[in-house]
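> Take this structure first; my questions come after.
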There are 2 protein chains.
Amino acid sequence: MREKNIPPLVSSGEVSQLLDIPSLKLEDAYHKGIIKKYHRYGLEAIQFRKGMGHIEAGTMVVNGDGIEVIRGFPKIRRTLMLQPALGQHFSREVAVEEKMNGYNVRIALINQEIVAFTRGGYICPYTSRKARQLLDLDDFFQDHPQKVICGEMVGTLNPYVSHYYPEVGKLGFRIFDIREKLTNTPLPLLFKRELLADYHLEPVRLLGIFPVEEAPVKIMEIVKDLGEHDREGVVMKDPHMELEPLKYTSSQAQAAELEYALTFPFDLAKAFLFSRIIREGFQSYETGESDQERRERALRMGESILYPMLETIGKVEGGEVAAEDLLIEVDSQEEAEEFIRHLRDLKVMASLVEIKDGKAVIRRIHQSTNDRVHNYLEGGLY
Amino acid sequence: MREKNIPPLVSSGEVSQLLDIPSLKLEDAYHKGIIKKYHRYGLEAIQFRKGMGHIEAGTMVVNGDGIEVIRGFPKIRRTLMLQPALGQHFSREVAVEEKMNGYNVRIALINQEIVAFTRGGYICPYTSRKARQLLDLDDFFQDHPQKVICGEMVGTLNPYVSHYYPEVGKLGFRIFDIREKLTNTPLPLLFKRELLADYHLEPVRLLGIFPVEEAPVKIMEIVKDLGEHDREGVVMKDPHMELEPLKYTSSQAQAAELEYALTFPFDLAKAFLFSRIIREGFQSYETGESDQERRERALRMGESILYPMLETIGKVEGGEVAAEDLLIEVDSQEEAEEFIRHLRDLKVMASLVEIKDGKAVIRRIHQSTNDRVHNYLEGGLY
């Protein structure tokens, strides 16, 4: 029974050798659901739904012209206190790149086609199409077919995380890493940036390279300034890319995330609340802010928790549905529907509202929020 | 194997009959840990750790002069929106009693002794002793040995929930229900209050009895006023006590609980945060408050989340331990140690700091908060 239906890629000796994991272990992982079969858009692949040993979640093994391994993007850990963490973590210098508020995309050449994977390893049809439109990657991939471009899809016409950046507008892609397909080895920071410049590809902003002693103060200033411009934060990197990067975000980013979570409290808030609040606590502590600044932060936190709830309760009472509308650019109804099918793969329930001026409005309903707010408005007990 | 060591009370035909649960089901519940053996202070009993059918969690079956059943205090459900809930729930009138911020205690006569049980059914040695000192229950129990006095232990010298009430001071007991031992049937509200007056026993405050149509507006005013005086909220009851009571609390109570939870964020906050925030959202919505009032509420929420974290981080950095000190009045070291053993039964780790002027200082360490704050202050990653 157990041996039935194992995809050939899972049992393949070549895959086992490439990943340095015994075939039996891979088969076991398949039975446990760590690895899943993934057949979409003409590609035959296996997807790592979870991490397994040294192989990251989101890793895809694709049966193309040969077997291609696109490794998952490594999780970047967060520092709560810059001062002690940077000194502990980095050796000499810290390079600071902007962390943008969008979604993580890996772009690679597979079977001579440019394909975009989201964080979990799903091929996103919209992102793949947009990547081909927005970026001229032909020369790059001709010269570097074994490399993976890792970056953030940002802008307002972004179905996952819509955020306005003045320099981006509707949709743009900013690159933060170039990695090797099979090994996931990243290029050193400056080398990466030069290579991107050679191909006229746009990197995320480099905000400075600092001696580790000066870095905490500098970075705190940078993050404060980013926050005041409604920007998310930074990723701190070893310029040689031999140490794990770290991330750190602005109070405004935390507030924005609270705001989003509390717009759909019974769907999202439990998962979001605690960690955002903890980040604020340590940031406020480290900055040693004045009473006035601290009070402003408390108010910002309180408002981003309370106000979105009030808005949602009001909407539901007024007969609206607790939902968010995702906007994407499409050339046809089929493109919109393809994207909705992709969302279903991600277990996100959404439906097409309308297509107007080349934009599809896709509604994602947050069912628990909808049901529970209704219930309480009708006198239901908690 | 399974049949070994079942306490006789669990298998007893008499207990089965009294509770109206087949013996086999009781034995099964015992194996599942729903029922536990409880031998303390010379009493042989079984304790319902969880609810089971119509029998509430916290129910105690005691082998005394006969078999005595002290039923668990029923969980009181909460309304998030007074206006729709009260109309749905109550029929003609709503009696409003103050909900005080202390801990729920049931006092009963067992083997001619006055014994105090906390919510979970544990006999609290401190509460039992204090109940005997504070209350003159002899006449009451002589006349009503089959009744259980249910009330709130409040005040500052209260090891579970310390809160200052001007009319109480250090320690006091306010009664909200009189119930029957085996059936848990409560006395009708006015009859209960008359009976308590007859025995000079103090009830919680009755804040009004309103027609159900007027109740939401009246109660919102009452709760607002209570909040402004740092008091918790109300329990709304059917005067005949034939319908389940409901509770509703002030914004200040929510803020105070957030403050407590965020003082020990890695021990308490996850469990507390979400529900308190939801209560605030619906209360703010229902009161239709002005922009200014709403902003004040947001600030109150933000401050009660942020400030206690800052204080705890500061303390830990300064070398202190993340802990709370419980104060109880004792006549001897043995009394303090007895109470600490009782806390161990509850899985609360605490130790005696000192005894001074008849007061024992008992320190409860919040270990996760302590360890994790230390770790982040030393540069640990999140």
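> Suppose we keep just the alpha-carbon trace of region A:8-70; what are its Rg and Dmax in angstrom?
Computed over the Cα atoms of region A:8-70, radius of gyration and Dmax are 10.5, 29 Å.
> Note the full-extension length gain between B:GLN112 and B:GLU180 as 0.36 nm times their separation in residues minus their Cα-Cα distance, in nm to one decimal. Working shown, then result.
Details: separation 68, 0.36 × 68 = 24.48 nm, distance 1.68 nm.
Computed gain between B:GLN112 and B:GLU180 is 22.8 nm.
> Further, regarding this structure: Considering only protein heavy atoms, what per residue accessible area in square angstrom results for region B:323-365 with a 1.4 angstrom probe?
Working: 2380 Å² over 43 residues.
Solvent-accessible surface per residue comes out at 55 Å².
> In percent, what relative contact order does chain A have, based on Cα pairs under 8 Å that are 6 or more apart in sequence? Please list the in-between numbers first.
Values: 652 pairs, mean separation 50.6, N = 382.
In percent, rounded to a whole number, it is 13.
> Which parts of region A:358-382 would a label at A:GLN333 reach, counting a residue when its backbone N lies under 17 Å from a point 7 Å out along Cα-to-Cβ?
A:358-363
> Related question: Carbon and sulfur together cover what percent of the accessible area of region B:101-203 at a 1.4 Å probe radius? Don't skip to the end; give the middle numbers.
Working: 2040 of 4000 Å².
Ligands and nucleic acids excluded, carbon and sulfur reach 51 percent.
> According to the Kirkwood expression over distinct Cα-Cα pairs, how big is the hydrodynamic radius of region B:117-275, in Å?
Numbers: mean 1/r = 0.0569 Å⁻¹.
By the Kirkwood definition, the hydrodynamic radius is 17.6 Å.
> Continuing with the same structure: For A:SER91 and B:MET349, what is the calculated FRET efficiency with R₀ set at 30 Å and r taken between the beta-carbons, to the nearest 0.05? Display every interim value, and only then the final one.
Values: r = 40 Å, r/R0 = 1.35.
Computed FRET efficiency for A:SER91 and B:MET349 comes out at 0.15.
> Which residue in B is nearest the B/A rotation axis when you measure from the C-beta atom, and what is the distance in Å?
Result for the B and A rotation: B:GLY302, 2.
> Would you calculate the separation in nanometres between label points at B:ARG132 and A:LYS356, each defined as 7 Å from the Cα along the Cα-to-beta-carbon direction?
7.7
> Now a separate question. Per residue, how much accessible area does region B:116-210 have with a 1.4 Å probe, in Å²?
41
> Can you check what the net charge comes to around A:GLN83, using other residues whose Cβ is under 12 Å from the Cβ of A:GLN83 (Lys, Arg +1; Asp, Glu -1)? Kindly include the intermediate steps, with their values, before the conclusion.
Details: positive: A:LYS218; negative: A:GLU213, A:GLU214, A:GLU286, B:GLU317, B:GLU378.
Its environment carries a net charge of -4.
> Sticking with this one: Of all DSSP beta bridges located in the protein assembly as shown, what percent are antiparallel, nearest 5?
Working: 126 of 132 bridges.
Bridges in the protein assembly as shown that DSSP calls antiparallel: roughly 95 percent.
> Dividing the alpha-carbon radius of gyration of region B:121-166 by 2.2 N^0.38 Å (N being the number of residues), what value is obtained? Show your work: numbers first, answer last.
On the way: Rg = 12.3 Å, N = 46, 2.2 N^0.38 = 9.4 Å.
Taking the Cα Rg and dividing by 2.2 N^0.38 Å, one obtains 1.30.
> If you build the Cα gyration tensor of region A:221-273 and take the root of 5 times each eigenvalue, what three semi-axes come out, in whole angstrom, biggest first? Before the final figure, lay out the partial values.
Numbers: eigenvalues 145, 48, 6 Å².
Three semi-axes, in Å: 27, 15, 6.
> Could you compute how much accessible area chains B and A hide from each other, both sides summed, with a 1.4 Å probe? Nearest 100 Å² is fine.
Working: alone 19090 and 19110 Å², together 33660 Å².
Counting protein atoms only, the buried area is about 4500 Å².
> Right, here's the next one. Which helices count as membrane-span-like in chain A under these terms: full DSSP H, at least 20 Å along the axis by C-alpha, Kyte-Doolittle mean of -1.0 or more? Intermediate results must be reported in sequence, preceding the final value.
Working: long enough: A:270-287 (27 Å, -0.24); A:291-317 (38 Å, -0.79).
Length and hydropathy pass: A:270-287, A:291-317.
> Viscosity 1.306 mPa s, temperature 10 °C: Stokes-Einstein D of region B:101-203 from its Kirkwood Cα radius, in µm² per second?
So the translational diffusion coefficient is about 116 µm²/s.
> Mind jotting down a quarter of the surface of the convex hull over the alpha carbons of region B:217-322, in square nanometres, one decimal? Each step should come with its number before you reach the end.
Details: hull surface 33.1 nm².
Here the figure is 8.3 nm², rounded to one decimal.
> What does the accessible area per residue of region A:252-318 come to in Å², with a 1.4 Å probe and no ligands, DNA or RNA counted?
Working: 2460 Å² over 67 residues.
Accessible area per residue, region A:252-318: 37 Å².
> Run the accessible area of region B:8-70 with a 1.4 Å probe and give the carbon-and-sulfur part as a rounded percent.
Values: 1470 of 3000 Å².
The nonpolar share, carbon plus sulfur, comes to 49 percent.
> Next up: Taking the Cα atoms of chain A alone, what are Rg (to one decimal) and Dmax (as a whole number) in Å?
When restricted to the Cα atoms of chain A, Rg and Dmax are 22.2, 67 Å.
> At a 1.4 Å probe radius, carbon and sulfur cover how many percent of the accessible area of region A:235-382? Working shown, then result.
Working: 2890 of 6390 Å².
C and S fraction of accessible area: 45 percent.
> Can you figure out the FRET efficiency of B:MET220 with B:ASP291, using R₀ = 22 Å and their beta-carbon distance, to the nearest 0.05?
Working: r = 19 Å, r/R0 = 0.85.
My answer for the efficiency is 0.70.
> What is the sum of charges around A:PRO203, taking Lys and Arg as +1, Asp and Glu as -1, for the other residues whose C-beta is under 9 Å from the C-beta of A:PRO203? Present the calculation step by step, with values, prior to reporting the outcome.
On the way: positive: A:ARG174, A:LYS192, A:ARG193, A:ARG205; negative: A:GLU97, A:GLU202.
Overall, the nearby charge balance is +2.
> To continue, here is another question. What is the projected area of the convex hull of the Cα atoms of region B:323-365, averaged over all directions, in nm²? Could the numbers behind the result be given before it?
Working: hull surface 10.1 nm².
The orientation-averaged projected area of the Cα hull of region B:323-365 comes to 2.5 nm².
> Sticking with this structure for a sec: Could you work out the local net charge near A:LYS50, counting Lys and Arg as +1, Asp and Glu as -1, over the other residues with Cβ closer than 11 Å to its Cβ?
It works out to a net charge of +2.
> Quick check on the protein assembly as shown: take the gyration tensor over C-alpha atoms, sort the square-rooted eigenvalues as a ≥ b ≥ c, and tell me if it's rounded (a/c under 1.5), prolate or oblate. The partial results should precede the final answer.
On the way: a/c = 1.99, a/b = 1.90, b/c = 1.05.
It is prolate, given that a/c is not under 1.5 and a/b is the larger ratio.
The values are calculated or read from the model by the stated rules, or taken from the named source; none is laboratory data. It should be emphasised that the depicted structure is a prediction, and the values quoted were computed from it without experimental measurement. When we count neighbours, we look across all protein chains shown, and the Cβ atoms used for this are built from the backbone with ideal geometry, even at glycine. Just so you know, the surface numbers come from the protein's heavy atoms only, side chains and all, with ligands and any DNA or RNA stripped out. Shrake-Rupley method; radii C 1.70, N 1.55, O 1.52, S 1.80 Å.
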